[in-house]
Amino acid sequence: MKKPEVAIVRGKFLNRYELQGFEPLTRRYRMTAFGSLAPLHENFLFPVIKLPSPMDLPDFPYKMPVLNRLLIDAHYLYGLEHKLRGYDIAHTAETYFRYTQQCLEAKKRGWVRRVVATVWETIANNNEGIRGRKEYKERARRELDHIIAVTQKAKSALITEGTDPHKISVIGAHIDTRQFAPDTHWLARLGDARKRSFTVLFCGRLEPEKGVSDVLRAMSLLSKDPRLADYRVEWVFIGSGSLRQAIPAVLPEILKNWHLRVESATYDQMPRHYREADLFVAPSKPTRTWEEQYGMALLEAQASGLPIVTTVSGGIPENVGNAAVLVPPGDVAGFTRGIREFLLSPKKRTDFATRARRRAVNTHDILVGSAQIARVYEQLLRQ
């Protein structure tokens, strides 16, 4: 029996963080991914068709605002409509991306049977001041066969915008808990009452909205805490962004037993970094037009069995549940206290580490997520 054909359309944002959740589906469907000529990641378990996109243009000042003003949305794949001929399902992302409109146009022409979109956006009516963006979203709400909201908050935003609630399923992002997993003795290491040497990990864009400055302020406060005088703490930042060069400037404030590293890493290298860490921090802070929609690094940290201190921002609370210490965004005192308590309490470390790993395996594993996506596909194919 011929497998149904599914096109995963992600353009420039074709990435292994998200697409690992589709890999188990290759047993039931013939999967093909559509990306730009230079997507975020390569090397997937299914074929990738690359098409030209404005997103691949070299960076220049105000690149995205300029492209979005000119094109309504820069996430466009030249020739995508014709490439979708014969597919049973096109699975796109966001209601306002240009390639979502292309998928709907292919459906209108009879080239693809059904179109489903995954939506991460948690802010209703966001960025609708861009010419044509509101009309894109309105068309998508009408013509999409189904929408997968990554969080309840994303679903609420869609309903506020006018989406039929019956058209929406909530399916979170998922993680390969075999690739991201702690070592055998991780709980014994975290629970050692004599432990005085720790590695605190931050992974993500090194930008103001990710709370980088809050991590630096917490470092400074903790380095002066007499209760931690005999502790050796290494702070590891992995990522790139506008604040990368500013981070080492705090070094003069740090005591001799405290160290700081700023590194880059490939996706394949990340499981090792998580296994080497003792604590994960993610003090994300919302802006007027952005908030943490989910936080894939938080999934990776949970799967790796790390105690986590993060913030009540966007979709984070739905992601971590009771498996992390949550503080208000910008609450440096609360954030610092959360880190301090983990450093001082072996019991709290092992408790939250156990919760994190359990939640990842039971809720966030790719086998759980792919089964939920498959049910959506089967429902669409029966229509």
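A short reminder: the numbers here are calculations on the coordinates, not readings from a lab. Every value quoted in this text rests on a predicted model; they were computed, and no experiment measured them. Here the Cβ is made from the backbone with ideal geometry for all residues, glycine too, and neighbour counts use every protein chain on show.
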Set the Förster distance to 51 Å, then compute FRET efficiency between ASN362 and ARG69 from the Cβ-Cβ distance, nearest 0.05. 0.70
extent check for the chain: Cα max minus min per principal axis, descending, whole Å, gives 69, 47, 36
CD proxy, 222 nm, the chain: helix-only mean residue ellipticity via -39,500 (n - 2.57) per DSSP H run with n ≥ 4, per residue, nearest 500, stands at -9500 deg cm²/dmol
Straight-line reach from LYS195: which lysines have Cα under 26 Å away, leaving out those fewer than 8 places along the same chain? LYS224, LYS256, LYS347, LYS348
Debye log10 I(q)/I(0) at q = 0.29, 0.31 Å⁻¹ for segment 34-83, Cα point scatterers: -1.13, -1.19
Tabulate in residue order the Karplus-calculated ³J(HN,Hα) for segment 369-377, using 6.51 cos²θ - 1.76 cosθ + 1.60 with θ = phi - 60°, rounded to whole Hz; enter x for Gly and Pro. x, 5, 5, 5, 5, 4, 5, 5, 4
Candidate cut points under chymotrypsin sites (Phe, Trp or Tyr not before Pro) in segment 301-383, DSSP loop plus at most 14 other Cβ atoms within 10 Å of their own Cβ, are none
Considering the options ALA229, GLY305, ALA356, tell which one lies farthest towards the positive end of the dipole of segment 186-363, charges being +1 on Lys and Arg and -1 on Asp and Glu at the Cβ, about the Cα centre. ALA229
Go ahead and set up a Gaussian network model of the chain, Cα springs under 10 Å, then flag whichever of ALA173, ALA323, ALA265 fluctuates most. ALA265
Per principal axis, largest first, the Cα atoms of segment 74-148 extend in Å by 35, 24, 17
Relative counts (whole %) of C-alpha pair distances in segment 135-193, using bins that are 10 Å wide: 19, 31, 15, 16, 13, 5
Label-to-label distance, nm, for residues given as LEU344 and SER240 (7 Å Cα→Cβ offset): 4.0 nm
For segment 186-363, with equal point scatterers placed on the C-alpha atoms only and solvent neglected, what are the log10 I(q)/I(0) values from the Debye formula at q = 0.10, 0.13, 0.19, 0.20 1/Å, to two decimals? -0.34, -0.59, -1.37, -1.54
Taking springs between alpha-carbon atoms closer than 10 angstrom, which of THR266, THR26, THR311 fluctuates most in the Gaussian network model of the chain? THR266
Taking every Cα atom in segment 131-265, find the radius of gyration and the maximum pairwise distance Dmax, and write them in Å. 22.0, 62
Fraction of alpha-carbon pairs over 18 Å apart in segment 1-69 - percent: 44 percent
For GLN383 and LYS167, calculate 0.36 nm times their separation in residues minus their Cα-Cα distance, and state this gained length in nm to one decimal. 76.4 nm
Test of understanding: in a Gaussian network model of the chain with alpha carbons linked when under 10 Å, which of PRO54, PRO39, PRO65 would top the mean-square fluctuation ranking? PRO65
Quick one: of the DSSP bridges fully inside segment 186-363, what percent are antiparallel, nearest 5? 0 percent
What is the magnitude of the charge dipole of the chain about its Cα centre, with +1 placed on the Cβ of each Lys and Arg, -1 on the Cβ of each Asp and Glu, and no other charges, expressed in debye to the nearest 20? 540 debye
